[in-house]
């Protein structure tokens, strides 16, 4: 019997060791998300990387949030409400458990002994278990990775709460639903609220005070090691905030470090929204990174983006056309087809008007787009939809301080309906399949009281956010490719500017190229390469004259090739803005060379970047794409020599995130494959020999 127990425990310890040595950023995690009732009667949601445990009696509360993949420790130091809302000026906790313990650290024994029911809170009613719900429909296109799962696999948990006994009668018709989603293979949980009024009266005023509130241990906060990454699904500056503060609970211990994260709406006035049938909050994403390493934090955030905004991995090669006439359009379409470009965008200043209802103009655009489609090229266009946009006076946003119109339209007025109708009608009639929107820029309120989609200043930001998101979701469900000026990625947007600075594109060409390469290096810590676009001013943009523009292309072949190589080599789309792609056979060959390179290795080039050496223009600089799950190419290293001297050096290439552990095969520009043995820290030393202004690349498998 003792021997049998020994082998059982040995097997368990071995399994624990195997699980704990897996790295979810390198190894394929095949474990599925589960939910079960524990022997203690609690509800446990887990995917073997993280777990969240909920108390069910005397009320519902999160009593543990645990990292299982690195530290095997709890994030929590105290129990907080699941959420906080205000109805008609009365604040309610969602979940009525009072811990009655000090909150410097979690004394679970004391908690189980002293917890009590908060009679003033919304109380747990029931829960439902299902599958994750897609916030919008999406069908992968444009060479998106084949491993996309949409919606992601995992578990959706809906927890229902009812008003307390002493609440006003009207509030007893209100149900609060706290939604959780945990996904397979990633230490991530999403959360949001639905508030439902079944009375149908619509006379209750609602404020979302806290969509999420967590009392966390110091290492998980920005005051410690930032092991927990928390974001919301709205663009920055749109009235939503993830606020990290120190807890002011009176029962914390003096000298302790009590970080608190509160996910809320926060602007210069309270957001109060009429509760008509149902309102939904923004979503919160909580990623348990469990590391303060910069590269690891970046890769973890990138995995989140690829999971919850998979459409951002579509990355067509596009051209910004500055002349909207049919002859010019068709001439550049012919060039694009010759060299392999995939999308044309009518640029600002081209004369393109997506809101036009002129029949002759629509016929011209329809004919031109049909011509482009016959060559395998998609077409999109620019539209100024907000900011310095003067529309009808009754559609303008009203400044609450002056009572006068702002310099932009209100997206919760009839302007929204007009714009959406014009956009969809134009697309349906012409075949346009891409939009580049200049706006909407959210965050500003509107004090108008006669707009269709909001009541007054108090609900205007919330309502505009909802409609802005709806606008992009409708486009996404039509498989429209979207360039937008803000972070609408979780609502369907494809791409935004990467280090966009209009003054930069008036710099001399070489300066612009150099600064852009630095910007890409820095920005790809924050986002995947395919989320951002850069800019190549083939013709003058804002200023700078002949020194800034790339035209005539034949006279600036070195700079032109560098632009093509550094952007396509990074998997970052650039707006090549002008009226042609090449002017001689030589420049045509340059474009063809790098487009072919990108298309051949697209599957690795749209993957994540490992940062090897940032450009300082004093030596080589380098970055590397990695794909640990590939059965073929697992890494692609780009190396640049921006100096006027030839360079011979050794480049340490860190291969851990390629998934290789012993031997790497390396080929420079598809030449002979050479075996390298990885060092104990998973790097190899690549010998680099580059002439002045030279570029090279290496394949790794």
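The values are calculated or read from the model by the stated rules, or taken from the named source; none is laboratory data. Model, not experiment: these values are computed from the prediction. Heads up, the Cβs are rebuilt from the backbone with ideal geometry, glycines too, and the neighbour counts pull from every protein chain shown.
Table: residues versus (1) crowded, with 23+ Cβ neighbours inside 10 Å; (2) under 22 Å from residue 673 (Cβ atoms); (3) assigned by TED's automatic domain parsing to the domain that holds residue 684.
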| position | (1), (2), (3) |
| --- | --- |
| 602 | no, yes, no |
| 611 | no, no, yes |
| 614 | no, no, yes |
| 619 | no, no, yes |
| 625 | yes, yes, yes |
| 628 | no, yes, yes |
| 631 | no, yes, yes |
| 634 | yes, yes, yes |
| 637 | yes, yes, yes |
- Task: Within segment 664-677, identify whether any single residue is within 21 Å of residue 572 (Cβ to Cβ), within 32 Å of the chain's Cα centre (by Cα) and not in a strand (DSSP E or B), and answer yes or no.
- Result: no
- Query: If residue 157 passes every condition in (1) in contact with a strand residue (DSSP E or B) (Cβ under 9 Å, 6 or more places away or on another chain); (2) surrounded by fewer than 20 Cβ atoms within 10 Å (Cβ to Cβ) but one, which one does it miss?
  - Reply: (2)
- Task: Could you give me the residue pairs with C-beta distances under 8 Å whose first residue belongs to segment 88-100 and is under 17 Å from residue 273 (Cβ atoms), whose second residue is modelled with pLDDT of 95 or more and exposed (fewer than 14 other Cβ atoms within 10 Å of the Cβ) wherever it lies, and which are 6+ apart or on separate chains?
- Result: 88/168; 90/168
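Is it the case, given these coordinates, that residue 428 is part of a helix (DSSP H, G or I), modelled with pLDDT of 95 or more, over 30 Å from residue 334 (Cα atoms) and out of contact with any strand residue (DSSP E or B) (no Cβ under 9 Å at 6 or more places or on another chain)?
Details: part of a helix (DSSP H, G or I): yes; modelled with pLDDT of 95 or more: yes; over 30 Å from residue 334 (Cα atoms): no; out of contact with any strand residue (DSSP E or B) (no Cβ under 9 Å at 6 or more places or on another chain): yes.
In short, no.
If you take the residues of segment 365-409 that are in a helix (DSSP H, G or I) and in contact with a helix residue (DSSP H, G or I) (Cβ under 7 Å, 6 or more places away or on another chain), which of them is farthest from residue 427 (Cα to Cα)? Talk me through it step by step, then tell me what you get.
Just the residues of segment 365-409 that are in a helix (DSSP H, G or I), to begin with: 365-374, 393-395.
With in contact with a helix residue (DSSP H, G or I) (Cβ under 7 Å, 6 or more places away or on another chain) added as a condition, the list becomes 365-366, 368-369, 371-372, 395.
Values: 365: 10, 366: 9, 368: 13, 369: 11, 371: 16, 372: 15, 395: 23 Å.
The residue in question is 395.
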- Query: Would a scan of segment 370-379 turn up a residue that is touching a strand residue (DSSP E or B) at 6+ places or on another chain (Cβ under 6 Å), surrounded by fewer than 18 Cβ atoms within 10 Å (Cβ to Cβ) and at negative phi?
  - Reply: no
- Task: Answer with yes or no whether residue 225 is assigned by TED's automatic domain parsing to the domain that holds residue 175, at pLDDT below 95, out of contact with any strand residue (DSSP E or B) (no Cβ under 7 Å at 6 or more places or on another chain) and more than 19 Å from residue 103 (Cβ to Cβ).
- Result: no
- Query: Right, residue 48: at pLDDT below 95, in contact with a helix residue (DSSP H, G or I) (Cβ under 8 Å, 6 or more places away or on another chain) and either farther than 24 Å from residue 183 by Cα or assigned by TED's automatic domain parsing to the domain that holds residue 224 (or both) or not?
  - Reply: no
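Take residue 475 and decide whether it is farther than 27 Å from residue 299 by Cα and assigned to a loop (DSSP other than H, G, I, E, B). Full working, then the answer.
Details: farther than 27 Å from residue 299 by Cα: yes; assigned to a loop (DSSP other than H, G, I, E, B): no.
Against the criterion (farther than 27 Å from residue 299 by Cα and assigned to a loop (DSSP other than H, G, I, E, B)), residue 475 does not qualify.
So, residue 499, is that one free of Cβ contacts under 8 Å to residues at least 60 places away in the same chain and either within 12 Å of the chain's Cα centre (by Cα) or surrounded by 20 or more Cβ atoms within 10 Å (Cβ to Cβ) (or both) or not? Before you say what the answer is, go through the steps one by one.
Details: free of Cβ contacts under 8 Å to residues at least 60 places away in the same chain: yes; either within 12 Å of the chain's Cα centre (by Cα) or surrounded by 20 or more Cβ atoms within 10 Å (Cβ to Cβ) (or both): no.
Against the criterion (free of Cβ contacts under 8 Å to residues at least 60 places away in the same chain and either within 12 Å of the chain's Cα centre (by Cα) or surrounded by 20 or more Cβ atoms within 10 Å (Cβ to Cβ) (or both)), residue 499 does not qualify.
Only one residue in 166, 92 is more than 29 Å from the chain's Cα centre (by Cα), assigned by TED's automatic domain parsing to the domain that holds residue 49 and in a strand (DSSP E or B). Which one? Can you show your working first?
Working: 166 fails: in a strand (DSSP E or B).
92 is the lone residue from the list that is more than 29 Å from the chain's Cα centre (by Cα), assigned by TED's automatic domain parsing to the domain that holds residue 49 and in a strand (DSSP E or B).
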- Quickly run through segment 169-199 and pick out the residues that are within 19 Å of the chain's Cα centre (by Cα) and either assigned to a loop (DSSP other than H, G, I, E, B) or over 15 Å from residue 284 (Cβ atoms) (or both). 184, 185, 186, 187
- Message: So for segment 195-203 (the condition being crowded, with 19+ Cβ neighbours inside 10 Å and closer than 23 Å to residue 53 by Cβ), does at least one residue qualify?
- Response: no
- Message: Test of understanding: among 285, 302, which residue is modelled with pLDDT of 95 or more, assigned to a strand (DSSP E or B) and touching a strand residue (DSSP E or B) at 6+ places or on another chain (Cβ under 9 Å)?
- Response: 285
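Quick check: anything in segment 56-65 out of contact with any helix residue (DSSP H, G or I) (no Cβ under 8 Å at 6 or more places or on another chain), exposed (fewer than 15 other Cβ atoms within 10 Å of the Cβ) and closer than 22 Å to residue 114 by Cβ? Break it down stepwise before answering.
To start, the set of residues in segment 56-65 that are out of contact with any helix residue (DSSP H, G or I) (no Cβ under 8 Å at 6 or more places or on another chain) comprises 56-62, 64-65.
Okay, now just the ones that are also exposed (fewer than 15 other Cβ atoms within 10 Å of the Cβ), so 57.
From what's left, closer than 22 Å to residue 114 by Cβ: 57.
For segment 56-65, residues out of contact with any helix residue (DSSP H, G or I) (no Cβ under 8 Å at 6 or more places or on another chain), exposed (fewer than 15 other Cβ atoms within 10 Å of the Cβ) and closer than 22 Å to residue 114 by Cβ: present.
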- Task: Mind telling me which of the residues 574, 565 ends up being surrounded by fewer than 24 Cβ atoms within 10 Å (Cβ to Cβ), within 30 Å of the chain's Cα centre (by Cα) and in a helix (DSSP H, G or I)?
- Result: 565
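So that you can scan it fast, the table gives a plain yes or no per residue for (1) crowded, with 22+ Cβ neighbours inside 10 Å; (2) outside any helix (DSSP H, G or I); (3) touching a helix residue (DSSP H, G or I) at 6+ places or on another chain (Cβ under 8 Å); (4) not assigned by TED's automatic domain parsing to the domain that holds residue 148:
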{"position": "274", "(1), (2), (3), (4)": "no, yes, yes, no"}
{"position": "297", "(1), (2), (3), (4)": "no, no, no, no"}
{"position": "323", "(1), (2), (3), (4)": "no, yes, yes, yes"}
{"position": "329", "(1), (2), (3), (4)": "yes, no, yes, yes"}
- Listed residues 476, 463; which is in contact with a helix residue (DSSP H, G or I) (Cβ under 9 Å, 6 or more places away or on another chain) and either surrounded by 21 or more Cβ atoms within 10 Å (Cβ to Cβ) or modelled with pLDDT of 95 or more (or both)? 476
